[in-house]
Amino acid sequence: MTPSTPGLLARARAAYRVLVAELAKFGTVGALAFVLDTALYNVLVFGVPGVAEGPMAGSPLWGKVVATSVATVFSWVGNRLWTFRHRRSEPVAHEFALFVVFNALGLLIALACLGFSRYVLGLDSQLADNVSGNGVGLVLGTLFRFWAYRTFVFRGELDLEGKGQGVVARGR
C-alpha cells in the first residue's frame, strides 16, 4: 500500500459517512414529500372540513395516485439536486424515467396497503386511510425506494476525493 492510498478502514469510514449523509438528506426530502402527498390526498379525498367535499371522495385510490404523482416530481427534484447530486451520471430523461418506475412500484406498495385496509378489512375512515396508505404503505415503499434509487437511478461513480475523503468508491 502506498502512502497516498487510503487503508480499508479509512475507505469504510468514508463510505459510511456518505451513506449517513444520503440517508439524512433522503429522509428530509422524503419527509417534505410525505407532507405534500398526505395533505394533497386528504384535500382530494376528504376535502377541507367545513368548506368543501373532496373532489375525489368516491375515488380514494385515484386520489392517492394523483397525490403521489405530485410528490414524486417534488422528490425527484430534491433527490437529484441535493441527496444524490454526487451520483448523477445518466441523462436526465433516463434518470427521471427510472425514478418514475421505482416510484410507481413504491406507489403500488402503498396502494396495496390502502386497498387491503379499505376493501378487505372494510376500514374506510380518514384515520384508517392515513395509517394504511400514508403510514404502513409509505414506510414499506420508502425502504424500497431508497434501495432502488441508490442501486439503479443515482448510480454514478461516487468521487469521495472531491469531498476531502481521499478515496474513490463505486456508487453501487
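The values are calculated or read from the model by the stated rules, or taken from the named source; none is laboratory data. Since this is a predicted model, take the numbers as computed values, not measurements. Please note: Cβ atoms are built from the backbone with ideal geometry, for glycine as well, and neighbour counts cover all protein chains shown. These accessible areas exclude ligands, DNA and RNA; they are computed on the full protein's heavy atoms, side chains included. Shrake-Rupley method; radii C 1.70, N 1.55, O 1.52, S 1.80 Å.
Filter the range 19-42 down to the residues that are open to solvent by less than 20 Å² (accessible area, probe 1.4 Å) and of a type in the set (A, V, I, L, M), then identify the one that is modelled with the lowest pLDDT.
The residue in question is 33.
Only one residue in 143, 127, 160 is at pLDDT below 85 and of a type outside the set (Gly, Ala, Ser). Which one?
160
What is the one condition in (1) of a type in the set (Phe, Trp, Tyr); (2) open to solvent by 50 Å² or more (accessible area, probe 1.4 Å); (3) modelled with pLDDT of 90 or more that residue 102 does not satisfy?
Only one criterion in (1) of a type in the set (Phe, Trp, Tyr); (2) open to solvent by 50 Å² or more (accessible area, probe 1.4 Å); (3) modelled with pLDDT of 90 or more is unmet by residue 102, namely (2).
Look through 127, 138 and report the one residue that is surrounded by fewer than 17 Cβ atoms within 10 Å (Cβ to Cβ) and out of contact with any Gly (no Cβ under 7 Å at 6 or more places or on another chain).
When all the criteria are applied, what remains is 127.
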